[in-house]
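These notes are about the structure you will find just below.
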Amino acid sequence: MSTFRSATTAALASAVLATTLTGCQFAEDPQDTSPIVIGVDLELSGPQAATGKAYQRALELKRDQLNASGALGGRKVELKVRDNRSDAAESQRNIGDFGNDASVTAVIMGGCNECAVNAVRTIDEKKVPTIALAASGAITTASAAQRSYVFKLAPNATDNANALTAELTRRGVKDAALLHSDDDYGREGVNTLRAEFAKARIKMTDVRAVKGTDTDVTTPVEALAEEEPDALVLWTPSEQAMLATAAAQKAKFKGAVFLDAAAAGELFLGASARSAEQATLVFTQTMVIDDVIATTPAKAARRQWFRDYTARFGGYNGFSSFAADAVQLIADAELRAGGEPGRVDRDGLRDVLETSQMDGLSGPIRMTPDNHSGLMPQALTTLVAQGGRWRLAG
């Protein structure tokens, strides 16, 4: 046999062996092309429908971006969206159905505080990892055993109260009145603000509550304005906050108006622009990221998200970033959890979520076994209403 023939035979043998090994490798470790199915429980009708629809738009945009990016390998995110009609009982039924659906990897819930709080037991029984976009601390503050599958992405009441009180102090406010929502988050706001005001020696002149279904808040606002406090603090959803600023203007209130993060909503204030002018809002930087120089990759990503959202929908909603971050957290956790291709491993995903860290569109997010409420206090900043939209405070 010639040297050339021997070499050729050896090369062919090596090629066949390599092909065989490669084939075995792929046979043992095939690419996972199974979908990452996320159940979505939102307020798409009823009194909280505006926020629910903003969440839906953000979830769909983020899904499309992830699926087009190739970052998930051969996998795609799928959303199973159900309307809870702003009703906690309907929401709980939705969560139960998602828990029974073996294809669902995790669940995202909307901004309804009562819905999320009431669903905790069902979430735990079904062992379905769930990220709530509602603000109530009761969603995650009970023992780890009771809340092991529940996570939260929204500004925390304590962080909001700290930021608001710091701004009131900086502005020299000596006394303030409070209008709050009559729910878990609103009552949490009363307690945290009382504590922070006491430390800062700010007097709380009066406190009034409004129900989530109230479409006229004139009477409580007039009562709060009557004592002529230096400031009026609004701890309510966006729609009621805008109604309250209009009512305060009509009552000829001369003090400053401050809004908690729950009052954030549309970037452009529309019909409420005149009454809200110079109002101060505590919220995340993503609301005004077009005013911020993109000096880091995280800021550049937030600016791109802002532009993509406004390009598709013609406006911007402050809460959209929380929904997008929830999708990203679940997708990342699913990839990191590994597991058998095509098999939903909710426990593995839950374990990864519990230690997740990322610089999200909303700001820095850190989950720990002891803290399932991931948005860091540093995510909050101070915004001011100027010229019909929110701007970064100078």
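Throughout, read-outs are computed from the coordinates displayed, never taken from laboratory work. Since the model is a prediction, treat every value here as computed from it, not as a measurement. Counting neighbours? That spans all protein chains shown, and the Cβs are built from the backbone with ideal geometry, glycine included.
Numbers for the structure displayed
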| item | result |
| --- | --- |
| 13 Å beta-carbon shell around H372, net charge (K/R +1, D/E -1) | 0 |
| Calculated mean projected area of the Cα convex hull in nm² (choose from (1) 23.2; (2) 18.1; (3) 20.4), label | (1) |
| Nearest-ten-degree value, helix 157-170 long axis tilted from longest Cα axis of the chain | 50 |
| Net charge, S148 excluded, C-beta distance under 9 Å - Lys, Arg +1, Asp, Glu -1 | +1 |
| Helix 3-28 vs. the chain, principal-axis angle (Cα, 0 to 90°, nearest 10) | 40 |
| Tilt relative to the chain, helix 184-200 - C-alpha long axis, 0 to 90 degrees, to 10 | 70 |
| Among the listed pairs K53/K80; K53/K127; K80/K152, those beyond 22 Å (Cα-Cα) | K53/K127 |
| Residue-count net charge about D290 - beta-carbon cut-off 9 Å; Lys, Arg +1, Asp, Glu -1 | +1 |
| Inter-part distance where the range 214-263 and the range 88-107 are each reduced to a Cα centre, Å | 37 |
| Candidate lysines for bridging to K203, where Cα separation is under 19 Å - those fewer than 8 sequence places away on the same chain excluded | K174, K254 |
